[in-house]
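Single-structure report; data block below.
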Amino acid sequence: MSLISLRKNNACAIIPFFNEEEFITKVIKKTQKYVDLVIAIDDGSTDNSLSLVKKIENVEVIIFDRNYGKGTALRAGFSLALELDFDKIITLDADLQHDPDLIPSFLTALKNFDVVIGNRLSNTKSMPVQRILSNFLTSFLLSIKLRKKIKDSQCGFRAYRKEVLRKISIHSPGFEAESEIIVKAVKEGFNIGFIDIPTIYGYEKSKMKSFQTIKGFIKVLRL
């Protein structure tokens, strides 16, 4: 019997992390309830995160020698997920912004879409004002560019069919990579759906560098 036949839903989760020792164990263990494998990418952590992850069973760990950025971490995770031939790939953050208990909702929605993205903008009460403005602006600009309503361009809680990730490749090293994926997926004719998720802020320390992210997003708009 092949390893693939032993999988419960042929889904994996990709979790990039950078200095998340406070949350990483909880996020991974909750995620494991809903997928066959967690792929964790250590993006150059300098705290105790990596040693904690290594203690968790059934986790494939990719280790970077320094902090390369979320886009680079996602690219490495996608490559391994495709190599292992998973049909469905979930991405989520390691800082408790994304509730792993919502993974089944993403997998269900994936039956009707090629890409499913969490939408936090239906309820922004707990979202910092600067993040609301940034997200509304980037989502608005992408909607104009693609002639398709993009409800939340910055949310990293997503689900992909493997066909999408086999067809497109990302080159942006930072957070703007998630916008790059949207642009390329729409241009390739893939169907993107959104599901409302809670806006959870307060635990995490934002690692998004505003100037670099804006500069990267402008490049994406030119694609």
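For this structure, a couple of remarks:
- Whole-Hz couplings from phi, Karplus 6.51/-1.76/1.60, listed for the stretch 151-159; x for Gly and Pro: 6, 8, 7, 9, 5, x, 7, 9, 9
- Annotation note: trypsin sites (Lys or Arg not before Pro) in the stretch 1-95 located in DSSP loop regions with a Cβ neighbour count of at most 16 within 10 Å are Lys8, Lys33, Lys55, Arg66.
- Solution diffusion estimate, µm²/s, Stokes-Einstein, the stretch 53-130, Kirkwood Rh from C-alpha pairs, 4 °C, viscosity 1.567 mPa s: 85 µm²/s
- Calculated FRET value between Lys8 and Ser51, using beta carbons and R₀ = 25 Å, to 0.05: 0.30
- Structure note, pairs Lys8/Lys184; Lys33/Lys151; Lys29/Lys167; Lys111/Lys167; Lys8/Lys29; Lys30/Lys167: Cα-Cα distances above 23 angstrom occur for Lys8/Lys184; Lys33/Lys151; Lys29/Lys167; Lys30/Lys167.
- The gain in end-to-end length when the Val61 to Ser169 segment is fully stretched comes to 36.8 nm, 0.36 nm per residue minus the alpha carbon separation.
- Least to most buried among Glu20, Glu180, Glu60 (fewest other Cβ within 10 Å first): Glu60, Glu180, Glu20
- Ordering Val186, Val129 from the fewest to the most neighbouring beta carbons within 10 Å gives Val129, Val186.
- Nearest-0.05 FRET efficiency for Ser143 and Asn123, computed from C-beta distance (R0 22 Å): 0.65
- DSSP beta bridges fully contained in the stretch 1-158 are about 10 percent antiparallel.
- Taking other Cβ atoms within 10 Å as a rough exposure proxy, Thr31, Thr108, Thr72 sort from fewest to most as Thr108, Thr72, Thr31.
Every number in this text was worked out from the coordinates using simple rules, so none of it is lab data. In this text the structure is predicted, and so the values were computed from the model without any measurement. Because the Cβ atoms are built from the backbone with ideal geometry, glycine has one as well, and the counts that use them run over all protein chains shown.
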